[in-house]
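The values are calculated or read from the model by the stated rules, or taken from the named source; none is laboratory data. What you are looking at is a predicted structure, and each value in this text was computed from that prediction instead of being measured. Note that each Cβ is placed from the backbone with ideal geometry, even for glycine, and that neighbours are counted across all protein chains shown.
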Amino acid sequence: MELSAGKFLCLFALLSVVSAEIFFEDRFDDEWEKRWVKSDWKKDGDGAGDWNHTAGKWFGDENDKGIQTYPDYRFFAISAQFPEFSNKDKSLVFQFSVKHEQKLDCGGGYMKLLSGDVDQKKFGAETPYSIMFGPDICGYSTKKVHAILTRNGKNHLIKKEVPCETDQLTHLYTFIIRPDATYSILIDNVEKQSGSLYNDWDLLPPKTIKDPDAKKPEDWDEKEYIPDPDDKKPEGYDDIPKEIPDTDTKKPEDWDDEEDGEWTPPTIPNPEYKGAWKQKKIKNPNYKGKWKAPMIDNPDFSDDPDLYVFPNLKYVGIELWQVKSGTLFDNVLITDDAEYAKKVAEETWGKHKDAEKAAFDEAEKKKEEEEKANEKNDIDDIDDDDDDADDTDAEDSHEKDDDNNKIEEEATSTHDEL
């Protein structure tokens, strides 16, 4: 029996999904608190934030909920455990969605993968992690996607810039690490950055280094330009004055040399003066360029075919500080199959993004209308206050007129008595 091309593709897609290994997946149903552990980190001193289970203020489906940070000026730490695994010989796909409803001005929206045994009730900023990934925003300077990999106890930041989304809608962030030590970073299912773990992180010492024993030869000439030996200063060049007497100016007729002193005409810039003489420069025929030490193999370099491997991943967590709370996390996925991650993205974020955008636009329109109405009410209140003030001023004026009349009457009466 032969399969049509369409049926074959459907069967292939089904087999791909079936073969995907899902290490962790959470869409935050009503039992989410059974899987996630809130940390006591920063609880002393009222510094720890909490989490709301909500779809947010605007959404594509009110039943599609995540967990949202609250209140403001807090530290947030929460984690979930999954069966320990290694990504050796397979891809590692880390994906989740983030929505900054509060129009975030300073705070993180990233998540972490942790290895080994972790006390989840003490999970915090000092807890070692294996991977940190996701958006971070603070002011005008920081608006980027973090992709930090830990090796031998040291955190290594990606050397490339990956701008993050900064609006108030849900966005999907995906980090793929492959067995060939290549990677991709996607936002909303679109690749924004890719490359090699070797090149884009300093996970290993460099393969080559400058020869520490190399010395610049004594006759090495690094001067690109030299004075032109044929260019000579013209005779009398230095005798040309910068200013000369203004010959068009005459001594005033009322000038008295005995009383005013000897008259000297004012000076003006000399059109013949050309400034300080500078010798012309020419290309140096002996120029050899800037000297650089030759590169040699680094004796400290040792390749690691398992550079991409994280051998005992066991937890996923959110740990961050926010000035303004309101970030909503959802659809967390850890798998070995990028196609499955894409499928999840399409049936979650992709399915609801248009309706969410419409709901957001409607909320913004309503907000704008309310602001205009409030402005009108404020103006009306000011006008009413002005009318009241006019009435009060009129009453005050009448009172002042009555007082003035009384004073005038008293003054007239006194005058009559005199």
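Pairs linking a residue in region 104-129 that is in contact (Cβ under 8 Å) with a residue 40 or more places away in the chain and among the basic types (Lys, Arg) to a residue that is surrounded by 13 or more Cβ atoms within 10 Å (Cβ to Cβ) and not in a loop (DSSP other than H, G, I, E, B), with Cβ atoms under 6 Å and 6 or more positions apart or on different chains, are LYS112/MET132; LYS112/GLY317. Restricting the search to region 70-129, which residues are β-branched (Val, Ile, Thr) and either surrounded by 21 or more Cβ atoms within 10 Å (Cβ to Cβ) or under 17 Å from VAL145 (Cα atoms) (or both)? Those that are β-branched (Val, Ile, Thr) and either surrounded by 21 or more Cβ atoms within 10 Å (Cβ to Cβ) or under 17 Å from VAL145 (Cα atoms) (or both): ILE78, VAL93, VAL98.
The residue pairs whose first member lies in region 174-202 and is closer than 11 Å to LEU307 by Cβ, whose second member is outside any helix (DSSP H, G or I) and charged (D, E, K, R), and whose beta carbons are closer than 6 Å, counting only pairs six or more residues apart or on different chains, are PRO179/ASP89. Within region 278-311, the set of residues being more than 30 Å from LEU328 (Cβ to Cβ), surrounded by 13 or more Cβ atoms within 10 Å (Cβ to Cβ) and in contact with a Ser or Thr (Cβ under 7 Å, 6 or more places away or on another chain) comprises MET295, ILE296, ASN298, VAL309, PRO311. For region 33-50, filtering for residues that are out of contact with any helix residue (DSSP H, G or I) (no Cβ under 7 Å at 6 or more places or on another chain) and farther than 17 Å from TYR73 by Cα leaves 5.
Within the bounds of region 319-329, is there any residue that is among the hydroxyl-bearing types (Ser, Thr, Tyr), under 25 Å from the mean Cα position of the chain (by Cα) and part of a loop (DSSP other than H, G, I, E, B)?
Taking every residue of region 319-329 in turn, at least one turns out to be among the hydroxyl-bearing types (Ser, Thr, Tyr), under 25 Å from the mean Cα position of the chain (by Cα) and part of a loop (DSSP other than H, G, I, E, B).
Here GLU339 fulfils each of the conditions (1) farther than 30 Å from ASP119 by Cβ; (2) at pLDDT 95 or above; (3) out of contact with any helix residue (DSSP H, G or I) (no Cβ under 6 Å at 6 or more places or on another chain) apart from (3). Within region 99-114, can one find any residue that is more than 25 Å from GLY60 (Cα to Cα) and of a type in the set (D, E, K, R)? Yes: region 99-114 contains one or more residues that are more than 25 Å from GLY60 (Cα to Cα) and of a type in the set (D, E, K, R).
Any residue in region 16-43 that is farther than 25 Å from GLU339 by Cβ and hydroxyl-bearing (Ser, Thr, Tyr) sitting within a Cβ distance under 8 Å of a residue that is at pLDDT 95 or above and assigned to a loop (DSSP other than H, G, I, E, B)? List the pairs, counting only those 6 or more apart or interchain. From region 16-43, the pairs are SER39/PHE123; SER39/GLY124.
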